[in-house]
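I have placed the structure first, in the form of structure tokens, so that the comments after it can refer back to it.
The values are calculated or read from the model by the stated rules, or taken from the named source; none is laboratory data. Every value quoted in this text rests on a predicted model; they were computed, and no experiment measured them. Neighbour counts are summed over all protein chains in view; Cβ atoms, including those assigned to glycine, are modelled from backbone coordinates with ideal geometry. Calculation scope for accessible area: heavy atoms of the full protein, side chains included, ligands and nucleic acids excluded. Shrake-Rupley method; radii C 1.70, N 1.55, O 1.52, S 1.80 Å.
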Amino acid sequence: MRTEKIEFAGAQGQKLAARLDRPDGTARAFALFAHCFTCDKGSKAAVRISRALADLGVGVLRFDFTGLGESEGELAGFSADVRDLVAAARHMQTLGSAPALLIGHSLGGAAVLAAAADIPSAKAVATIGAPADPAHVLDLLGAGLTKIEADGAAEVTIGGRPFTITRAFVEDARMQDLRGAVARLGRALLVLHSPVDAIVGIENASEIFLAARHPKSFISLDRADHLLTRGEDADYAAQVIAAWAGRYVAMAADRPAEAPDGAVLVEETGAGAFQVQVSVRGSRFFADEPVDVGGLGTGPSPYELVAAGLGACTSMTMRLYARRKGWPLQRVRVAVRHDKIAGQTPPDTFDRKIALEGPLDAEQSARLFEIADKCPVHRTLEGGARVVTGRLGGDPGSVTAEPDEHFHAMEAECRKADGAGARS
């Protein structure tokens, strides 16, 4: 996965800092993550859940609410957080990654429940340790609540960090009708909560679940603390959310695409400047350019793929020949490096180094090195090849190679080597 730094304007115009965790390939769907009260986008739960979902193919935007983390402004209250979530979703839409899934942790869970009605792209909502009433957060203010109500504002310490809380913040929390918002949610709901949560009791999960209409689900995060400080708890939550969301969120197909004629198919993923997905016979991998030339470094470069083809063909051809001869070749290792040498014709050189393992005698070893030069890819590179370009979708006159054509070519070279007075 890769992480992009993003900034966007919040509901009040302040610049909000965000991170978008993308899968290495094309994202199957996108999610918006709301962190807990007084936390930020870098909290352990936010980071681990977002990255775990990215590893499962779901891109996730996590951001700092106004007045928290790297975002501008002052801590404004629950309603402001809800508006920031809507602003974040709109920004994601401009990026072509509108969130189909909303995820909220603690008070962030309450916020996504309240914001869902104003995020049309959202099809499912998942909450983790969420309170059934935003006013629950006022319990964290302790004796400071009295001072806030008397003086209009006070500095309180929450989780070891100082915050200035105003009377408007308190009144905003008290006026929320979250149960009504849950009843009108109109989206699939997943409630995750720990039965031993010492900050937001498990009864909150019951109230949210009972207020919601179907489809709704509940998952117990056994033994987890409120902040999901254990990595395995955050990873488990991410896996459950991804599996559950697949039923309600239109996930892009994650199976390898196939070219209609069985060819190797190469498609841009949209990640980075160069990354492509290579699909062949049911398997897939990424090709890319190194970071120092503007790529993501997530896979071999085009010339490295050619070098890999030469190395693979060399090993297979030597193995096939040794097997035909009954020689004790145990293992072949081939290292291939591509260079362009100025002034040389042709300028492209593939420097191949071969190591053979096994109790081979000198004559057998020398013969196998001769056979290496007879591998079909070697001959193609030295002899040249034609490239015929057409439109993807199938040309009526196109020629389709048999899947085992390369094997037959290697076998033919081995037979030819034997027929030319090969030494044994």
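With protein chains left intact and a 1.4 Å probe, residues in the chain average 50 Å² of accessible area per residue. Calculated mean residue ellipticity at 222 nm for the chain: -10500 deg cm²/dmol, from DSSP H runs with n ≥ 4 weighted as -39500 (n - 2.57), summed, divided by the residue count and rounded to 500. Per-peptide packing, taken as the mean over residues of other Cβ atoms within 10 Å, places 209-222, 234-247 in the sequence 234-247, 209-222 from highest down. When the residues 179, 19, 28 are ordered by accessible surface, computed with a 1.4 Å probe over the protein chains alone, the sequence from largest down reads 179, 28, 19.
Quick check: Cα centre of the stretch 161-214 to Cα centre of the stretch 49-79, how many Å? So the two Cα centres are separated by 18 Å. The protection proxy used here, the mean number of other Cβ atoms lying within 10 Å of each residue, ranks peptides 321-334, 378-391, 93-106 as follows, highest first: 93-106, 321-334, 378-391.
Subtracting the Cα-Cα distance from 0.36 nm times the residue separation, let me have the gained length for residue 243 to residue 389 in nm, one decimal.
Extending this stretch completely gives an extra 48.4 nm.
Report the extension gain between residue 335 and residue 164 in nm, rounded to one decimal, defined as 0.36 nm multiplied by the number of residues separating them, less their alpha carbon distance. Here the segment from residue 335 to residue 164 would lengthen by 55.3 nm. Mean-square fluctuations from a GNM of the chain, with a 10 angstrom spring cutoff on Cα atoms, peak among 20, 141, 228 at 141. Charge dipole (Cα centre; +1 on Lys/Arg Cβ, -1 on Asp/Glu Cβ; no other charges) of the chain amounts to roughly 1040 debye. For the chain, averaging the sequence separation of C-alpha pairs within contact (under 8 Å, six or more residues apart) and dividing by the residue count gives a relative contact order of 11 percent.
Can you pull the percent of Cα pairs in the stretch 76-206 with separation above 17 Å? Percent of Cα pairs beyond 17 Å in the stretch 76-206: 60.
Residue 232 exposes around 110 Å² of accessible area when a 1.4 Å probe is run over every protein chain in place. Placing a label point 7 Å from the Cα of residue 273 along the Cα-to-Cβ direction, the residues of the stretch 285-302 whose backbone N falls under 11 Å of that point are 289-296.
Hey, can you rank 58-64, 293-299 by average C-beta count inside 10 Å, highest first? Don't jump to the answer; show the numbers that get you there.
Working: 58-64: 27.3, 293-299: 16.1.
The peptides rank, most packed first, as 58-64, 293-299.
Rg over Rh for the chain works out to 1.17, using Cα positions for both radii and the Kirkwood form for Rh. Accessible surface of residue 147, taken over heavy atoms with a 1.4 Å probe and every protein chain present, rounds to 110 Å².
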